[in-house]
Amino acid sequence: MAAHPRPRPTNDEAREALRDAMARLAAGDQAALEEIYRATRVKLFGITLRILGDRKEAEDALQDVYVNLWQRADRYDPARASPIAWLAAFARNRAIDRLRTGKVRGGAVPVEEAAPLPDESPLADALLIDAEQSAQIHKCLAELDPRTQEHIRAAFFEGYTYAQLAERAGVPLGTMKSWVRRGLQRLRACFEKSEAA
């Protein structure tokens, strides 16, 4: 009689297994790191590759993620975020750190465009966190002046480049970059204020 293939775990089961592995890793169980790696490497590599635009750089950033995870697993707080959302933020931050150090070759996105890059296949709990963050993003966007709001929405939700935005608005490229950068700084300040509240 042929063996039945094991059913794929549901999102809830996968999340619980990952949460358990994170707890074991924080307690010093080295084998848990392999489990976490197998469960998350494809998603985290996708994040680092989208930001860095170079497979070798993305692989190096991913390696940094798991080395740092081994040292910092005890910082994960399951009450604040799901494991995959925390790891995705961790991977995004490592990739952005590499951009900031200026070692990355051409193909990478500008630093100010890296943070809002979307994940293509978030798990259900990451979608919940994203929905909460999305509500906060829209609340903070509403506090910007209409012009800045329009440019940031076009850039981050509709995929317009700075050059396209500048052409559309009839302004020099540098001006558009300044407008968007200032808008992003105000958004960041709004997020920080709401997190501190």
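The values are calculated or read from the model by the stated rules, or taken from the named source; none is laboratory data. As the structure is a computational prediction, the values presented were derived from the model and not from experiment. We place every Cβ from the backbone using ideal geometry, glycine too, and count neighbours over all the protein chains shown. With ligands, DNA and RNA removed, areas are computed over all heavy atoms of the protein, side chains included. Shrake-Rupley method; radii C 1.70, N 1.55, O 1.52, S 1.80 Å.
Among the candidates Leu25, Leu52, the residue that is within 25 Å of Arg98 (Cβ to Cβ) and at pLDDT below 80 is uniquely Leu52.
For (1) under 16 Å from Arg50 (Cα atoms); (2) not charged (D, E, K, R), each residue gets a yes or a no:
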{"position": "Leu62", "(1), (2)": "yes, yes"}
{"position": "Val65", "(1), (2)": "yes, yes"}
{"position": "Leu69", "(1), (2)": "no, yes"}
{"position": "Arg72", "(1), (2)": "no, no"}
{"position": "Arg75", "(1), (2)": "no, no"}
{"position": "Ala81", "(1), (2)": "no, yes"}
{"position": "Ile84", "(1), (2)": "no, yes"}
{"position": "Ala91", "(1), (2)": "yes, yes"}
{"position": "Asp97", "(1), (2)": "yes, no"}
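Tallying residues that are closer than 12 Å to Arg182 by Cβ and without any contact (Cβ under 8 Å) to a residue 12 or more places away in the chain within segment 141-155 yields 1. Across segment 115-149, the qualifying residues are those that are surrounded by fewer than 16 Cβ atoms within 10 Å (Cβ to Cβ) and over 22 Å from the mean Cα position of the chain (by Cα), and the one among them that is modelled with the lowest pLDDT is Ala142. When Ala3, Ala14 are screened for being among the hydrophobic types (A, V, I, L, M, F, W, C), modelled with pLDDT under 85 and within 22 Å of the chain's Cα centre (by Cα), only Ala14 passes.
Please specify each residue of segment 90-111 satisfying the condition of being open to solvent by 40 Å² or more (accessible area, probe 1.4 Å) and at pLDDT 80 or above.
Once the filter is applied, which keeps residues that are open to solvent by 40 Å² or more (accessible area, probe 1.4 Å) and at pLDDT 80 or above, segment 90-111 yields Arg92, Asn93, Arg94.
In segment 153-174, the residue that is nearest to Arg50 (Cα to Cα) out of those that are at pLDDT 80 or above, in contact with a helix residue (DSSP H, G or I) (Cβ under 7 Å, 6 or more places away or on another chain) and assigned to a helix (DSSP H, G or I) is Ala163. Among the residues of segment 187-197, those identified as surrounded by fewer than 17 Cβ atoms within 10 Å (Cβ to Cβ), part of a helix (DSSP H, G or I) and either modelled with pLDDT of 85 or more or not hydroxyl-bearing (Ser, Thr, Tyr) (or both) are Arg188, Ala189, Phe191, Glu192, Lys193, Glu195, Ala196.
Consider segment 17-66 and keep the residues that are among the acidic types (Asp, Glu) and not in a helix (DSSP H, G or I). The one that is farthest from Arg94 (Cα to Cα) is Asp29.
Please work out if Arg80 is open to solvent by 40 Å² or more (accessible area, probe 1.4 Å), touching a helix residue (DSSP H, G or I) at 6+ places or on another chain (Cβ under 9 Å), at pLDDT 65 or above and not in a helix (DSSP H, G or I). Answer is yes for this residue.
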